[in-house]
Amino acid sequence: MGRRLSCWLFLVIWLAGAAEALAISKPTENSEIDPNLFRIDQEKYLGIRFGKELTLLQEDGTPLAFEKFPDRPFILVPAYYTCDGSCFTVGGTLRTMLKDVKAVQVGVDYNVLFVSFDKNDTVQTIDSFSKYLGISRERTPGWYVTLFQDPQAIQTEMSKLGYKFFWSPRDKTFFHPTVVIIMNAEGRVARYLNMMTASAKDIELALLEAKANQFKPSETVDYLVSLCYSYNFKEGRYTINIPVFVGAGSFVLGILLLLGSLGIYRLIHRRKNTKQ
Amino acid sequence: MSTASSGFKLSEWIFTTDHKRIGILYLIGSIAAFAVAGIMALLIRIEQMSPGATIVSDVYTGGEQYNVWLYFHGAAMILGFLIPGLTGFAANYLIPLMIGAKDVAFPRINALSVWLFWAGIVLALLTFVVPDKPDVMWTGYPPYSIKTGGNLALYVFTVHLIGFSSILASVNFLVTIIYMRAPGMGWMQLNMFIWGCFTALIIQLVFVPVLAAAVTLLLFDRYLGTHFYDPANGGDVLLYQNLFWFYSHPAVYVIFLPAMGIFYEIYATMAKNRIFNYKAAVYGMIGIVLVSGEVWVHHLYYSGMPDWIRIGQMVTTLLISVPVGLMTISLFGTLYRGAITFNIPMYYGVAALYLLLIGGLTGIPLAMTVMSVHLGETSFVHAHFHFIMGIFAAFSVFAAVDFWFPKISGRMLHEGRAKIGFWLNFIGVNVTFWPLFIIGVDGMPRRYWDYSQFPAYFGNYHKVATIGAFIVATGMIITISNWLLSAVSGAKASNNPWGSKSLEWTHTETPPGPGNFPQDVVLDGNWSPYNYSK
């Protein structure tokens, strides 16, 4: 009897332990974040103007009125400076990638603007973030790391761009998309690029597109090359625009048809004359 | 095969490689397309007689029915009537005769092109049989064309057949003009109609493949699930519009240049005068070819594009008025101190100058970006392109048939009936399109079947326009039936009833027999088709 009871007890304990073990190994449903929550419905937000009357704070605490921001396209990078993961990755990747962007030059043709969506960020956190990325006003002209002067404006301005983020107390981190936003000189959204898939070429194309109205004669070739690509909303990057090549090929075909038919006629005619 | 063979044998017409018969087959096909497209125009006008549903079955599906009428009217008028009427009928019949050639360079290819054209017409007519009628205008813009329930394949294959036919015809005539001119015939001795065709066919040959490619990708998007024009998947929806107009704006000159050529022939012959400033007119035609490929963007001013492209295209669009101006001055100047005979081809010729003036002047504000944004999608542009492209070119086809009728049929056209037809056509056109200019400026949008949300007085103008359309329809019926009646019972025509100096009148029989010319044509450097002063 005692033995049988011991066996039963062992079985119950084993099952309870196994059940607990299973419960631990299976992630709780709350920790699963559906990436679609952060998806930006880009078509709704293209052309939206950002920060018309906004004032940002720079690393030294000086205000930067958005209307006085240089009149050129810029890459807007939403981030928070105490981030221990993706913000540094995005910033670092961007630093590396922009070295490969040759058609346009940072600080001359465009700027890079980091803005924090964390109301707890301060000029001190800006400083540490900038140092980590190697950004400084003297060494990297055109790069700005800023935060909102009025933290109340964060939610409004980021929502305008369709940029969603939230704080997870359990994970002690912000969940947010890893996109950079290409803005034109007026401060309107030109493109969103997913930094997980985008390449230096994508950034270059988006910047050329954003500055299409201001391009210089020396950039004509770059602009023409940019016409060979089209933006893929689904993938958040540029892909080859096949119909351009099909169209151009057909145009060449038309010219070849004319030249070819002239050649064929001459050949036939020459053969006839030789026979005669 | 001869045009003048005894009796009618169907097989002779089906298997013919004679350019004159092929020209007549083109004429029959294009007039058939014109007739059905004309009926569609009447349906469109009846629907617009009053705001709300007039003849469409109900307000929910009315738009679809109206779109089908618009589709057929636009596609058949441009692809089925105007282009084949000029570069099919007139070019086929006249080019070898005017340059002293016995036939075209590739007669079998010529036969293939006419039957491809006919297949295209039949396919277009299937619109009225299939349950899912195409409703994509003649433009086929995505994303609508990809998402609509209408039959896109019918549209695309019609474009393919007619496009392929046009390419073959272009190859044939260009080679013919370059290599088969009579000995002694230099480039500056060519008829203006030949220059008109030569320049138009270059445009056609170079640009048609682009349209064919653009619509093929449309077909893939619709039926094979590709995403060439789907922005959500990396496609570019505006690119279709660019490719479409890259062909379709130059297509305006494919129609305009031979049409001008026809009027030059009529003016010179009926005024017994040389072409005024012949070389300037020829350079004007060549100038149009050079500029024609750089103006298409003015159809897309309201699409997203950099300002510098808009301004550049505005400049090139306005620039095209320079060669057109040269040609118009030359045409008008040909009448100067001429001994003008006012017969029916000349009636159409003078009307054409008026249409050119109104259509040309109303095109200037449309070329300007600022004005075009307001006017571009209104009935103003609708009236403009009907004047300059539709009616001007249609009148050129009628003028061509009337002018060369004695040569083609061997009989004279009944002048009285032709004049009644002309006046009804001319008055009807003005009654139809002037009201559309007026309400277009006031904001009447194009392509709307129901305009009840717009000012009520628009309805009065639409009523007048509809009355005008019926006057035109009556004029067209009289004109076309006069051709048929005169071909059977008209007075016998002499070889050169107009006293022309051009080869098709001076060196051929009426109608021309096999091989066109009884003797080989050899010309000297002094010969000109417009040598009236000697």
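Below, the figures for the structure above:
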item	result
Net charge, B:F72 excluded, C-beta distance under 15 Å - Lys, Arg +1, Asp, Glu -1	-1
Net charge over other residues, Cβ less than 11 angstrom from the Cβ of B:G338 (K, R count +1; D, E count -1)	+3
Summed residue charge, Cβ within 9 Å of A:D100's Cβ, Lys/Arg positive, Asp/Glu negative	+2
Value at 222 nm in deg cm²/dmol, rounded to 500, when DSSP H runs of n ≥ 4 in chain B each add -39,500 (n - 2.57)	-21000 deg cm²/dmol
Per-selection metrics, the stretch B:481-534 (Cα): Rg and Dmax in Å	14.0, 43
Separation in nanometres of the label points that stand 7 Å from Cα toward Cβ, at A:A153 and A:C228	4.2 nm
Simple spin-label estimate for B:L353 and B:F470 in nanometres, 7 Å along Cα-Cβ	3.4 nm
Dimensionless Rg/Rh of the stretch A:49-89 - Kirkwood Rh, Rg from C-alpha atoms	1.02
Cα-Cα pairs of chain B separated by more than 43 Å (percent)	14 percent
Degrees separating the helix B:458-489 axis from the principal Cα axis of chain B, which is the longest one	30 degrees
Kirkwood Rh (inverse of mean 1/r, distinct Cα pairs), the stretch B:46-189, angstrom	17.3 Å
Debye intensity ratio I(q)/I(0), log10, the stretch A:35-240, q values 0.15 Å⁻¹ (C-alpha model)	-0.92
Longest exposed-site-free window of chain A, the sites being GluC sites (Glu not before Pro) in a DSSP loop that have at most 13 other C-beta atoms within 10 Å	A:139-276
0 to 90° range, to nearest 10: angle between helix A:86-99 axis and chain A longest Cα axis	20 degrees
Reachable lysines from A:K102, criterion Cα separation under 19 angstrom, eight or more residues apart if same chain	A:K201, A:K211, A:K216
Considering only the protein assembly as shown, percent of DSSP beta bridges that pair antiparallel, nearest 5	65 percent
Average partner coverage of B:166-176, which counts Cβ from other chains inside 10 Å	3
Order of B:W498, B:W434 under a 10 Å beta carbon neighbour criterion, fewest first	B:W434, B:W498
Amide H within-cut-off set for B:T378, under 5 Å, with H built and near neighbours excluded	B:R446
Charge dipole (the stretch A:79-197, unit charges on Cβ, about Cα centre) - positive-most of A:T156, A:L98, A:H176	A:L98
Calculated FRET efficiency for the pair A:E235/B:Y223, C-beta based, R₀ 35 Å, to 0.05	0.90
Residue-averaged [θ]222 nm for chain A, counting only DSSP H segments that reach four residues, each worth -39500 (n - 2.57)	-13000 deg cm²/dmol
Residue of A:R137, A:R95, A:R49 that the Gaussian network model of chain A assigns the largest fluctuation, springs spanning Cα pairs under 10 Å	A:R137
Count of Lys pairs (Cα-Cα under 24 Å; at least 8 positions apart or interchain) in the stretch B:20-506	17
Which of B:M260, B:M270 has the fewest Cβ neighbours within 10 Å, and the rest in rising order	B:M270, B:M260
Separation in nanometres of the label points that stand 7 Å from Cα toward Cβ, at A:F165 and A:F245	3.9 nm
Cα long-axis angle, helix B:415-441 against chain B (0 to 90 degrees, to the nearest 10)	30 degrees
Percent of C-alpha pairs per 5 Å bin, the stretch A:88-168, short to long	3, 13, 21, 23, 19, 15, 6, 1, 0
For peptides B:89-101, B:66-78, sequence by mean Cβ density within 10 Å, most packed first	B:89-101, B:66-78
The stretch B:82-184, dipole about Cα centre (Lys/Arg Cβ +1, Asp/Glu Cβ -1), debye to the nearest 20	200 debye
Dipole of chain B, positive direction: furthest Cα of B:G333, B:P445, B:V472, with charges on the beta-carbon	B:G333
Exercise: per-residue mean of other protein chain Cβ atoms within 10 Å, B:229-242	5
Sparse-neighbourhood loop sites, trypsin sites (Lys or Arg not before Pro) in the stretch B:1-99 - DSSP loop, at most 14 other Cβ within 10 angstrom	B:K9
Stokes-Einstein translational diffusion, the protein assembly as shown - Kirkwood Rh over all Cα pairs, 1.306 mPa s, 10 °C, in µm²/s	52 µm²/s
Theoretical FRET efficiency, 1/(1+(r/R0)^6), r = Cβ-Cβ of A:A200 and B:V370, R0 41 Å, to 0.05	0.60
Length added when fully stretched, A:K52-A:A65, from 0.36 nm per residue minus Cα-Cα	3.8 nm
Neighbour-count order for A:T197, A:T239, A:T62, fewest beta carbons within 10 angstrom listed first	A:T62, A:T197, A:T239
Per-residue average of Cβ from other chains inside 10 Å of A:238-249	6
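Coordinate-derived values only; no laboratory data. Here the structure is a predicted model, which means the values were calculated and not measured. Positions of Cβ are backbone-derived with ideal geometry, glycine not excepted, and every protein chain shown enters the neighbour counts.
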